[in-house]
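As structure tokens, the structure follows; a few thoughts come after it.
The values are calculated or read from the model by the stated rules, or taken from the named source; none is laboratory data. Computed from a predicted model, the values in this text were never measured in an experiment. Here Cβ is always computed from backbone atoms with ideal geometry, including for glycine, and neighbour counts include all displayed protein chains. In case anyone asks, the SASA skips ligands and DNA or RNA and just uses the protein heavy atoms, side chains included. Shrake-Rupley method; radii C 1.70, N 1.55, O 1.52, S 1.80 Å.
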Amino acid sequence: MYICTIVTVVTVMNITIKLIDMRFFDREQEFEKLREIEELSHEVAQFTIITGRRRIGKTEMVKKFYENKPMLYFFVARKAEADLCDIFLDEIRTKLNIPMLDSKAMSFAAVFKFIMELSQTQHINLFIDEFQDFYRVNPSIYSDMQNIWDSYKNNAQINLIVAGSVNTLMNKIFKDKKQPLFGRQTDTMHVRPFKPSVLKEIMSQYCPDYKKSDLLALYTLTGGIAKYVELFIDKKKFTEKKMLDMFFERDSYFLPEGKNMLVDEFGKDYGIYFSILTLIAQGKNTRSELENALNIKELSGYLKNLSEEYDLISKKQPIYEKSGNKNVHYAINDQFLKFWFRFVYKYTHIIEAGGNERLKTIVERDFTTVSGKSLESYFNEVLKESGAYTRLGYWHDRKGENEIDIIAEDELDNKIEFIEVKRQEKNYDEAVLRAKSELFLKSAGSFKGYDIIYKGLSIEDM
């Protein structure tokens, strides 16, 4: 989802008028799920968790869905509990027209209990945003909520939605068996970045004559994160050059963004995690390469946390690799962070020296190579979005001498596609791809009875 303005300028009797049309992109599946949950909540109390990385648009999605429906919105700011409760009570008075609430010495437990009691006789939608920040306000709130929820939920007509953007804390609240709210949720939604088709729709809407290289730059720099796309579109930065200019300008929103996002996640160990992610972004993506570069003997714990706890990296293996521990490479999942660690964090010293233009020169020099790797990720996302395959992966031999960018298999129709991704179509050589595919088939199996397709994809196929 993504809200932006389309501005149309018309002139009537020498007076210029700007007509503003609000657009909201994507999230049809999420809206359908929210619709089902709300309908159920009239009969059975619903407790839904919404997760997703910062700037993905969780809050705007929920607000958009409820823009024409009554909903209490509680934002958990880092304030004293009593101050928060004053704000929440004002919301209740305004939205539910209940003037008699007394806010003196009010706790959140009392506020939540009041809402749950009220939901025994009327339907209530309650959205609590940045839910994990109750840890900073008063950690006992989670225990209080558990007791109140368990006491009242059987007869409640409540649709409780909570959202959080600090992955580790949200996991602790709801996935740790020792925590009071473990198992209390009735549903979970994970908000994901815009799909390639949505990015194309956005570019077509706001810049119909865009070049394919501009679309690739938008994907490389934002990864489909709603807030970042919105920033470029609102500033009318539709070309690769203008996007890079904005990304690296002085006081750019993007330059401190990676650190702002992840310091809360990593805590005091953020320096080690940042170093690991920077090396992966530069192409040092095996455990031995990382340990040698950092001169640390054992990184498995950090890599496991980055993969399982923070969901920032993935373990990649060639398709049909028989051993689960061999030929493992690590990749950063988030396109924006991949770019940010490759250029911003690595060259922090240049930014601190006021050399933004010098850094942009480095980026422009390397952007063709970096965006070429993003092109592979883009086409992987396109194939996933199509839903036409049962297995997607890549392959390289043990020596790393032969590599196939994408292998797409459909076990239902007995079809396998070998795909080579090149930035320029002229660089695709089917004979070379066929030769590498033969090596793959010898190592993985003959795929008898399968249709075998060889395909080249370039920036023109975006």
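Figures for the structure shown
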{"read-out": "Those trypsin sites (Lys or Arg not before Pro) in region 337-373 that DSSP places in a loop and that have at most 14 other beta carbons within 10 Å", "value": "none"}
{"read-out": "Phi to ³J(HN,Hα) by Karplus 6.51 cos²θ - 1.76 cosθ + 1.60 over region 191-203, Hz, x for Gly, Pro", "value": "8, 10, x, 4, 6, x, 4, 6, 4, 5, 4, 5, 5"}
{"read-out": "Unit charges on C-beta of K, R, D, E only; dipole of region 259-323, Debye", "value": "240 debye"}
{"read-out": "Within region 214-303, trypsin sites (Lys or Arg not before Pro) in DSSP loop having at most 10 other beta-carbon neighbours inside 10 Å", "value": "250, 297"}
{"read-out": "Residues whose placed amide H lies under 5 Å from that of residue 331, excluding near-sequence neighbours", "value": "314, 316"}
{"read-out": "Reachable aspartates and glutamates, given that their alpha-carbon falls under 17 Å from the alpha-carbon of residue 33 and they are not under 8 places away in the same chain", "value": "43, 60, 67, 187"}
{"read-out": "Whole-number percent relative contact order across the chain, with pairs defined as alpha carbons under 8 Å at least 6 apart", "value": "12 percent"}
{"read-out": "Nonlocal amide H pairs with residue 394, under 5 Å, H built at 1.01 Å", "value": "319, 407"}
{"read-out": "Candidate lysines for bridging to residue 79, where Cα separation is under 21 Å - those fewer than 8 sequence places away on the same chain excluded", "value": "104, 113"}
{"read-out": "DSSP beta bridges in the chain [antiparallel fraction, %, rounded to 5]", "value": "50 percent"}
{"read-out": "Accessible surface of the chain, 1.4 Å probe, proportion on carbon and sulfur as whole %", "value": "47 percent"}
{"read-out": "Amide H contacts of residue 125 (H built 1.01 Å from N, under 5 Å, at least 5 apart or other chain)", "value": "72, 159"}
{"read-out": "Å² of accessible area per residue within region 61-209, as computed with a 1.4 Å probe and no ligands counted", "value": "47 Å²"}
{"read-out": "Phi to ³J(HN,Hα) by Karplus 6.51 cos²θ - 1.76 cosθ + 1.60 over region 326-341, Hz, x for Gly, Pro", "value": "9, 6, 8, 10, 9, 9, 6, 6, 8, 4, 4, 5, 4, 5, 4, 6"}
{"read-out": "Net length gained if the chain between residue 282 and residue 298 were fully extended (0.36 nm per residue, minus Cα distance)", "value": "3.7 nm"}
{"read-out": "Length released on extending from residue 245 to residue 201, taking residue separation times 0.36 nm less the Cα-Cα span", "value": "13.5 nm"}
{"read-out": "Whichever aspartates and glutamates have a C-alpha closer than 15 Å to that of residue 315, once near sequence neighbours (fewer than 8 apart) are set aside", "value": "289, 334"}
{"read-out": "Principal semi-axes in Å for region 305-422 [√(5λ), Cα gyration tensor, largest first]", "value": "32, 17, 14"}
{"read-out": "At most 14 other Cβ within 10 Å, DSSP loop - chymotrypsin sites (Phe, Trp or Tyr not before Pro), region 281-340", "value": "320"}
{"read-out": "Simple label model, 7 Å out from Cα along Cβ direction - residue 434 to residue 259, nm", "value": "5.4 nm"}
{"read-out": "Solvent-accessible area per residue for region 241-394 (1.4 angstrom probe, square angstrom)", "value": "51 Å²"}
{"read-out": "Dipole axis of region 336-459 (+1 Lys, Arg; -1 Asp, Glu on Cβ), positive-most option in 356, 382, 408", "value": "356"}
{"read-out": "Hz values of 3J(HN,Hα) by residue in region 244-256 - Karplus curve (6.51, -1.76, 1.60), Gly and Pro given as x", "value": "5, 4, 5, 4, 10, 5, 4, 6, 4, 4, 7, 5, x"}
{"read-out": "Around residue 305: net Lys/Arg minus Asp/Glu count, Cβ-Cβ under 11 Å", "value": "-4"}
{"read-out": "Across 195/235; 373/448; 227/455, pairs whose alpha-carbon gap is larger than 28 Å", "value": "373/448; 227/455"}
{"read-out": "Entries of 242/426; 322/442; 58/346; 211/237; 304/399; 200/360 with Cα pairs more than 18 Å apart", "value": "242/426; 58/346; 304/399; 200/360"}
{"read-out": "Using a Förster distance of 51 Å, the FRET efficiency for residue 154-residue 382 (Cβ separation, nearest 0.05)", "value": "0.65"}
